[in-house]
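The values are calculated or read from the model by the stated rules, or taken from the named source; none is laboratory data. Keep in mind that this is a model prediction, so the values were computed, not measured. Here the Cβ positions follow ideal geometry from the backbone for every residue, glycine too, while neighbour counts run over all protein chains shown. In case anyone asks, the SASA skips ligands and DNA or RNA and just uses the protein heavy atoms, side chains included. Shrake-Rupley method; radii C 1.70, N 1.55, O 1.52, S 1.80 Å.
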Amino acid sequence: MATATVELKPKDYKSNIPPDWCPGCGDFGVLNALQRACSELKIAPHEIVVVSGIGCSSNLPGFFRAYGVHGLHGRPIPVATGIKLANKDLTVIATGGDGDGYGIGLSHMIHAIRRNVNITYIVMNNQIYGLTTGQVSPTSLLNMKTKSTPKGNIELPINPLMLALAAGCDYVARGFSGDIKHLTELYKGALQHRGFALVDVFSPCVTFNRYNTYDWFRQRIKKLEDKGHDPTDFVAAMEEAKKVGDEEVTIGLFYRNPNPRPPLEDLDEVIASGPPLVKRPLGITNAEARPLLEELM
Amino acid sequence: MALDDLVVGIGGAAGDGIASAGDTLALALARQGLRIYAYNSYQSVVRGGRIWLRMRIANRQPLSPGNVLNALVALNQEALDLHLQEIQPGGAALFNTHRVRRAPEKGPDGVQLCPIPVPDLAPVYKDLPVIQNTVLIGALYAIMGLPFDGVESVLESTFARKGQKVIDMNVGAARAGYDYAAEHFQKMELALKPQPTQKRYAVMTGNEAFGLGAVAAGVRMYVAYPMTPASGILHWMAAHGPAVGISVRQPEDEIAVMNMAIGANHAGIRCMCGTSGGGFALMTEAMGMAGMIETPVVCIEVQRGGPSTGLPTKTEQGDLFQVFGAGQGDYPRLIVAPTNVYDCFETVKEVFNLAEKYQLPAVILSDLLLSEHHETVEPDRFDFENPPIDRGELITEANGGDGEAYLRYKITETGVSPRAIPGVPGHLYVAPTDEHDEDGVLISDIYTDPVRRKRMMEKRMRKMVYLKNELPPPRLEGPADAEVTLVGWGSTWGVIREAVEALAAEGIKVNHLQIKYIVPFHGEEVAQILSKAKKIIMVEQNFGGQLARHLRSETGIKADGHIRKYDGEPFEPKHIVAGVKRILAGEEELVTCVSDEPGWRYDHPSFV
Ligand SMILES: Cc1ncc(C[n+]2csc(CCOP(=O)(O)OP(=O)(O)O)c2C)c(N)n1
Ligand code: SF4
Ligand SMILES: [Mg+2]
């Protein structure tokens, strides 16, 4: 991660496209905190690539001044992986919604964690499918009524933090888009972490999720740091991650491995062996390639 | 008459080491200046089942598996029972008396039985049963009347790393087989012209040629999820890629493969991926994405028998329509079907240049036959330096400038907009899968604008016009005044060409049009060529005549006859020859072929 010499302000990460989210949508806070985190870490916009899927949340790259890919529903992580492996100098952020990341694209997260791809993954978790106008999502709470579950959700919600921890994620955090300062710090930690970092963000959908509202969150939110949680303690992190539901909503840094695994770019013999792949010269001479033919002779 | 072109079959079970026996034999022949074409018919099991490797050996390069069987190396009883009757007069059947205990007294007329007491000739056999292959290859060499040093030289290089003792043991076993056969059996009457042993030809598969092509094209990453018959590329890449700077990654599924490859290309490297039909089905949504965000990507789709899981280890050309249909909506893309092993190498270089120049996804359509068969090739025809790498209008840090008012999707005459890669200062943009304007800003949601949408669609599709102009149109091979024009695509080039020669020898004048560029299609040029044809017969390794339908939709031309095969085994020249004759005789318009010699049949235990 290179840092810029000129001073960068959050507004330097604002594109000239005004966000088209509903007024009050939690995703504004997610965007805002990301702009702050990048400016505080002084990462130049052209050295950032934000890759998203499809959903209201996945529109974020359009509003963030940097390079971006607004890809397919559920697929930001493999695209981000390809970008990072091709140019390890870039800061690569994958983002999207709960449907995108924990529904259609869930397997990519687990595998990216296993491989420890050095990217930050931000999930705007509104416990609903927003863009498609309010169907049940993999994180919708039990009994929640949505357009596709008019009698209430009968499927157990997924627990992304426990899944990530179990898969071996070395940086696991959860924020709330109503607390931008707190969220900014979680992002900064994630961006500075060398390896896969998950930041799940409760980001209320004010239009289609009438249950998990700002008020609902504010009444329940507890910060891990206020509880004296030790983020290097894996077992404690699992215990805290287990607690989801109606009584308490925990946010903060759940886990940061004190001895993090090396990221994929350090383990892949070719990528590790020199400058980013994209900066290596192309082409091979006939003499250099000859042994490949000789082997078949 | 002495044969200058013969087929040797090696039959046994999976686990018998047939592939490596075939490699040894092929290389030995190649080093003596002979040409081979080998096709291994195998099954989707790791142990047991049946393996049937046919190797055609000739002075001139064979282009297909051939029509008949001239010599058999039976590694077990079943192989002898199955194939003995297929051997042509003048041929021979070799087997290990220890594995084949119920050999008939006498073979078919004119066929020599060659029982070989492997345990006596190679005492290590009791601990190392695969040594039988080495003994039998030695014996085969004697029966073919070829000098032994070809085999010796290959065994020496194959086992060089294992030390002199292992070399001596193997060479000794082959030599014992050679001497025993020379003493006990008659040589076949052959007109092969071996040369003094030296490395002259390479023995290569289509998949290896794809790998080499990727090296030449400057590919920096290969991504694939295992699937027969594309896995050979993955294996070759994993073994050879790192030494030439290619990172090889195996993601969780083909959806991830294609998205990752697009990400890597988007970031400015050349990244290739590969799969077979089932995996390609999972890649299709992302293919469309590459079309929409105008990111080059190259995928090799190695077809196998379908539908669904189909015939995992058998060949077919059944995925043309799938590849056409990949992804929703209209988007520019390139679909190319290489026609032989050299062409596999050339096509990768060519397609990367075109994919980058026109910023679009490209599919190289191969099949199991082309990808997995071995043939001798001239190494000097593999030019890694030409054509040179052309990255098209790429903006990198070196030529970036300040990027003032940079429009990633700028409307241009050719439809190609200069492409900045992430990391270059001053060219920030978002590549969106939603419809977008020249600056990459979405016009799909609240700013939907029919006029802009139309312009952007036309900009992208305009690239196809310029792309097509760059592709060489297909050429008619053979006499202009032929009675019949055979039309094929991709891998069937060689077998059709041999069929044309065989028909000519019988006095039937045939010419041949092989299609390599499927999309964009040279509709006008093809129509012009075919307008002069007296009788158009399509040759396709599929059920539905997918190219025939494509031809009709692109040119309005309806073929007069069809020769099709969808039994999993490749065409042999004789199938096409017979098909042409039947169609000419007015017996049928559609001839379907099948490999139904007894050796191909396999009664399932439950059918008894
Ligand atoms: C393959 C595919 N299936 C379905 C859709 C339709 N779709 C668009 S967004 C979306 C769900 C969005 O939910 P989420 O990811 O939670 O994002 P949100 O809108 O809530 O931010 C769906 C199902 C699609 N675009 N692609
Ligand atoms: S529908 Fe919900 S998630 Fe989408 S923009 Fe509106 S509030 Fe946000
Ligand atoms: Mg959602």
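Scan region B:240-252 for residues that are at negative phi and either among the basic types (K, R) or open to solvent by 10 Å² or more (accessible area, probe 1.4 Å) (or both) and report the count.
Looking only at that region, the number is 8.
Determine which single condition B:M461 fails, assuming it passes every other condition in (1) surrounded by 17 or more Cβ atoms within 10 Å (Cβ to Cβ); (2) farther than 27 Å from A:P281 by Cα.
(1)
Can you tell me which of B:E435, B:E385 is within 12 Å of chain A (Cβ to nearest Cβ) and open to solvent by less than 40 Å² (accessible area, probe 1.4 Å)?
Being within 12 Å of chain A (Cβ to nearest Cβ) and open to solvent by less than 40 Å² (accessible area, probe 1.4 Å) holds for just one of B:E435, B:E385, which is B:E435.
Report the residue count in region B:508-533 for those that are assigned to a loop (DSSP other than H, G, I, E, B) and not charged (D, E, K, R). I'd like the intermediate steps shown before the answer.
Keep residues of region B:508-533 that are assigned to a loop (DSSP other than H, G, I, E, B), which gives B:508-509, B:516, B:520-522, B:532-533.
Next, from what is left, pick out any that are not charged (D, E, K, R): B:508, B:520-522, B:533.
Number of matching residues: 5.
Please verify whether region B:253-275 includes one or more residues that are open to solvent by 10 Å² or more (accessible area, probe 1.4 Å), within 14 Å of chain A (Cβ to nearest Cβ), within 20 Å of A:L277 (Cα to Cα) and part of a strand (DSSP E or B).
no
Taking B:L370 and the conditions (1) out of contact with any strand residue (DSSP E or B) (no Cβ under 6 Å at 6 or more places or on another chain); (2) more than 30 Å from B:G568 (Cα to Cα), which numbered condition does it fall short on, given that it satisfies the others?
Among (1) out of contact with any strand residue (DSSP E or B) (no Cβ under 6 Å at 6 or more places or on another chain); (2) more than 30 Å from B:G568 (Cα to Cα), B:L370 violates only (2).
Failed condition for A:D179, given (1) within 25 Å of A:Q35 (Cβ to Cβ); (2) within 16 Å of ligand 3 (Cβ to nearest atom), with all others met?
Failing condition for A:D179: (2).
Return only the number of the condition from (1) buried (at least 23 other Cβ atoms within 10 Å of the Cβ); (2) out of contact with any Phe, Trp or Tyr (no Cβ under 6 Å at 6 or more places or on another chain); (3) of a type outside the set (F, W, Y); (4) within 14 Å of chain A (Cβ to nearest Cβ) that B:R304 does not satisfy.
So the condition that B:R304 fails would be (4).
Residues in region B:118-156 that are part of a loop (DSSP other than H, G, I, E, B), open to solvent by 20 Å² or more (accessible area, probe 1.4 Å) and either β-branched (V, I, T) or in contact (Cβ under 8 Å) with a residue 12 or more places away in the chain (or both): how many?
Total meeting the criteria: 3.
Is it true that A:Y187 is crowded, with 17+ Cβ neighbours inside 10 Å, away from ligand 1 (no atom under 14 Å from the Cβ), away from chain B (no Cβ under 14 Å) and within 23 Å of A:C25 (Cα to Cα)?
yes
Could we say that A:F217 is in a helix (DSSP H, G or I) and open to solvent by less than 70 Å² (accessible area, probe 1.4 Å) here?
Yes; evaluated as a whole, the condition is true for this residue.
Please go through region B:197-236 and pick out each residue that is more than 11 Å from chain A (Cβ to nearest Cβ), touching a residue at least 40 places away in the same chain (Cβ under 8 Å) and open to solvent by 50 Å² or more (accessible area, probe 1.4 Å).
Within region B:197-236, B:Y225 is the sole residue that qualifies.
Go through (1) more than 25 Å from the chain's Cα centre (by Cα); (2) within 30 Å of B:A243 (Cβ to Cβ) one by one and return the number of the condition A:E247 breaks.
Against the list (1) more than 25 Å from the chain's Cα centre (by Cα); (2) within 30 Å of B:A243 (Cβ to Cβ), A:E247 comes up short only on (2).
Residue by residue, here is whether (1) open to solvent by 10 Å² or more (accessible area, probe 1.4 Å); (2) within 16 Å of ligand 3 (Cβ to nearest atom) holds:
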{"residue": "A:W21", "(1), (2)": "yes, yes"}
{"residue": "A:F28", "(1), (2)": "yes, yes"}
{"residue": "A:H46", "(1), (2)": "yes, no"}
{"residue": "A:S52", "(1), (2)": "no, yes"}
{"residue": "A:C56", "(1), (2)": "yes, yes"}
{"residue": "A:N59", "(1), (2)": "yes, yes"}
{"residue": "A:F63", "(1), (2)": "yes, no"}
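When region A:264-285 is examined, which residues are found to be more than 7 Å from every other protein chain (Cβ to nearest Cβ), over 13 Å from B:G218 (Cβ atoms) and assigned to a loop (DSSP other than H, G, I, E, B)?
Correct list: A:S273, A:G274, A:P275, A:P276.
Name the single residue, out of those in region A:103-126 being open to solvent by 10 Å² or more (accessible area, probe 1.4 Å) and within 16 Å of ligand 2 (Cβ to nearest atom), that is farthest from the other protein chains (Cβ to nearest Cβ).
First, pick out the residues of region A:103-126 that are open to solvent by 10 Å² or more (accessible area, probe 1.4 Å): A:103-104, A:106-107, A:110-111, A:114-115, A:118, A:126.
Within this subset, residues satisfying the condition of being within 16 Å of ligand 2 (Cβ to nearest atom) are A:103, A:126.
On the way: A:G103: 14, A:N126: 18 Å.
In this case the residue turns out to be A:N126.
Could you please give the count of residues in region B:155-187 that are within 32 Å of the chain's Cα centre (by Cα) and within 27 Å of B:L113 (Cα to Cα)?
3
Output yes when any residue across region A:194-204 is assigned to a loop (DSSP other than H, G, I, E, B), within 16 Å of ligand 3 (Cβ to nearest atom) and under 21 Å from the mean Cα position of the chain (by Cα), and no when none is.
yes
Would you confirm whether or not region A:81-95 contains a residue that is surrounded by 22 or more Cβ atoms within 10 Å (Cβ to Cβ), at negative phi, over 14 Å from the mean Cα position of the chain (by Cα) and among the β-branched types (V, I, T)?
yes
Tell me which residues, restricted to region A:129-161, are more than 16 Å from ligand 2 (Cβ to nearest atom), without any contact (Cβ under 8 Å) to a residue 24 or more places away in the chain, open to solvent by less than 50 Å² (accessible area, probe 1.4 Å) and not in a strand (DSSP E or B).
Within region A:129-161, A:G152, A:N153 qualify.
With the structure loaded, tell me whether A:I110 is away from ligand 3 (no atom under 12 Å from the Cβ) and more than 24 Å from B:H427 (Cβ to Cβ) or whether it fails that test.
yes
Can you spot a residue in region A:76-98 that is under 18 Å from A:L31 (Cβ atoms), at the interface with another protein chain (Cβ under 8 Å from one of its Cβ atoms) and away from ligand 3 (no atom under 16 Å from the Cβ)?
Yes, because at least one residue in region A:76-98 is under 18 Å from A:L31 (Cβ atoms), at the interface with another protein chain (Cβ under 8 Å from one of its Cβ atoms) and away from ligand 3 (no atom under 16 Å from the Cβ).
Restricting to strands (runs of 3 or more DSSP E) lying wholly in region B:334-437: which have 3 or more residues that are touching a Cys at 6+ places or on another chain (Cβ under 9 Å)?
In region B:334-437, the matching strands (runs of 3 or more DSSP E) lie at B:361-367.
Kindly indicate whether any position in region A:27-50 is touching a residue at least 60 places away in the same chain (Cβ under 8 Å) and within 11 Å of ligand 1 (Cβ to nearest atom). Steps first, answer last, please.
Taking region A:27-50 as the starting set, the residues that turn out to be touching a residue at least 60 places away in the same chain (Cβ under 8 Å) are A:27-30, A:32-34, A:36-38, A:40-41, A:43.
Next, from what is left, pick out any that are within 11 Å of ligand 1 (Cβ to nearest atom): A:27, A:30.
Checked region A:27-50: at least one residue is touching a residue at least 60 places away in the same chain (Cβ under 8 Å) and within 11 Å of ligand 1 (Cβ to nearest atom).
Please verify whether B:A26 is assigned by TED's automatic domain parsing to the domain that holds B:T134, touching a Phe, Trp or Tyr at 6+ places or on another chain (Cβ under 6 Å) and within 15 Å of B:L146 (Cβ to Cβ), treating the condition exactly as stated. Let's see the steps before the verdict.
Details: assigned by TED's automatic domain parsing to the domain that holds B:T134: yes; touching a Phe, Trp or Tyr at 6+ places or on another chain (Cβ under 6 Å): no; within 15 Å of B:L146 (Cβ to Cβ): yes.
In short, no.
Output the residues belonging to region A:162-184 that are assigned to a loop (DSSP other than H, G, I, E, B) and either of a type outside the set (A, V, I, L, M, F, W, C) or surrounded by fewer than 20 Cβ atoms within 10 Å (Cβ to Cβ) (or both).
Of region A:162-184, the ones assigned to a loop (DSSP other than H, G, I, E, B) are A:168-170, A:177-179.
Result: A:G168, A:D170, A:S177, A:G178, A:D179.
Specify the residue that is surrounded by the fewest Cβ atoms within 10 Å (Cβ to Cβ); the eligible residues are those in region B:11-55 that are at positive phi and part of a loop (DSSP other than H, G, I, E, B).
For region B:11-55, the residue satisfying everything is B:G15.
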